[in-house]
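Each reported figure results from applying straightforward, stated rules to the coordinates on display, with no laboratory input. Because the structure is predicted, anything quoted here is derived from the model rather than measured. All Cβ positions, glycine included, derive from the backbone under ideal geometry; neighbour counts span all protein chains shown.
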Amino acid sequence: MANLTTLERGAALADIVTVMDADGGVIVSDLLPETPRLQLIEDLATTFDKTVPGSKSGIEHWEGFHGANTRRFCGLAARSDAFVEHALLNPTLLAVADHYLLDHANGYWLNTGQIMAVGPGEPAQYLHRDETNWPEAIADGREITVSCMFALSDFTRSNGATVVIPETQNLPAAVIRGGNFDDEETAYASMPAGSGMIYSGRVIHGAGQNTTSSWRYGMHVSFVVGWLRPEEASPLVVDQKRAASLPERARQLLGWASYHSDGGGRTWLVDFEDASRLFD
């Protein structure tokens, strides 16, 4: 069985990148410290209790992917200051995103901030690459999305810790939805609460099977290059009043700013001006 490397909070970016380049993902301990982790859980508890497991899409493919006994919801920046300060603006995660995404774009924004709570008896999710969300954009040697799975509770192999196939970020560009690998190639992101697994959008992975009687509480935070549309329509949930109360960098990541390409193109404008001017 393969293993994922664990680094301590405060590890140098060069060390994080070295591991990610080799394996496609790295666990960072205490990436979400205890006090903000507990505050975030408190902030989101009501929404969690109201969220019905499973997908409401009516699309068989997505219902299987999301899981019949997995609770998912987004809009975390609208519900939790702790999410904004310690996850959306997490300096380690942003440094990794800068390293991988700014080679291929002039900026990036939040793809999704999402609770992923895997319930008792939930089968393993099929293996996939996150970049498969944008099949038209994937290409060899280009990273378009970077993600982190924060452990809000302990992740173990038995309760659904993320399954990762190290080194698969180096395979040729291809849409990957499903696949089988030998045990020797498979790693599990077993990690204590507060840890985070930062990983490439190209590495093959998926939620593991939960064979316990307890929930596995995770929070997925991912960024995507600014010239692509994200999964989550953040400005439809984080309204202008809420956005005005947040730091400028948070507003930009949530889509309350425009994108400027090297070639002079500008997108996501308001009356042909940068959307950030709404807050002047």
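One table, with the values for the structure above:
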item: Spin-label model distance (nm) - residue 2 vs residue 280, 7 Å beyond Cα toward Cβ; result: 5.0 nm
item: Phi-based couplings in Hz for the stretch 261-270 (Karplus 6.51, -1.76, 1.60; Gly and Pro marked x); result: 8, 4, x, x, x, 10, 9, 6, 9, 10
item: Built amide H within the under 5 Å cut-off of residue 207, gap 5+; result: 125, 163
item: Top of 52, 238, 84 by mean-square fluctuation, Gaussian network on the chain, Cα under 10 Å; result: 52
item: Footprinting exposure proxy for 200, 153 (fewest neighbouring C-beta atoms within 10 Å first); result: 153, 200
item: The stretch 224-254 versus the stretch 162-213: alpha-carbon centroid distance in Å; result: 28 Å
item: Three principal axis lengths of the stretch 1-91 [C-alpha, angstrom, descending]; result: 43, 33, 20
item: Calculated FRET efficiency for the pair residue 89/residue 34, C-beta based, R₀ 25 Å, to 0.05; result: 0.85
item: Under the Karplus curve 6.51 cos²θ - 1.76 cosθ + 1.60, θ = phi - 60°, whole-Hz ³J(HN,Hα) for the stretch 227-240, x wherever Gly or Pro sits; result: 8, 10, 7, x, 5, 9, 7, 4, x, 7, 10, 8, 6, 5
item: Whole-angstrom gap from the stretch 84-138 to the stretch 260-280, using each part's C-alpha centre; result: 24 Å
item: Relative contact order, percent, the stretch 6-234 [alpha-carbon distance under 8 Å, six or more residues apart]; result: 30 percent
item: The chain - charge dipole about Cα centre, Lys and Arg +1 at Cβ, Asp and Glu -1, debye rounded to 20; result: 760 debye
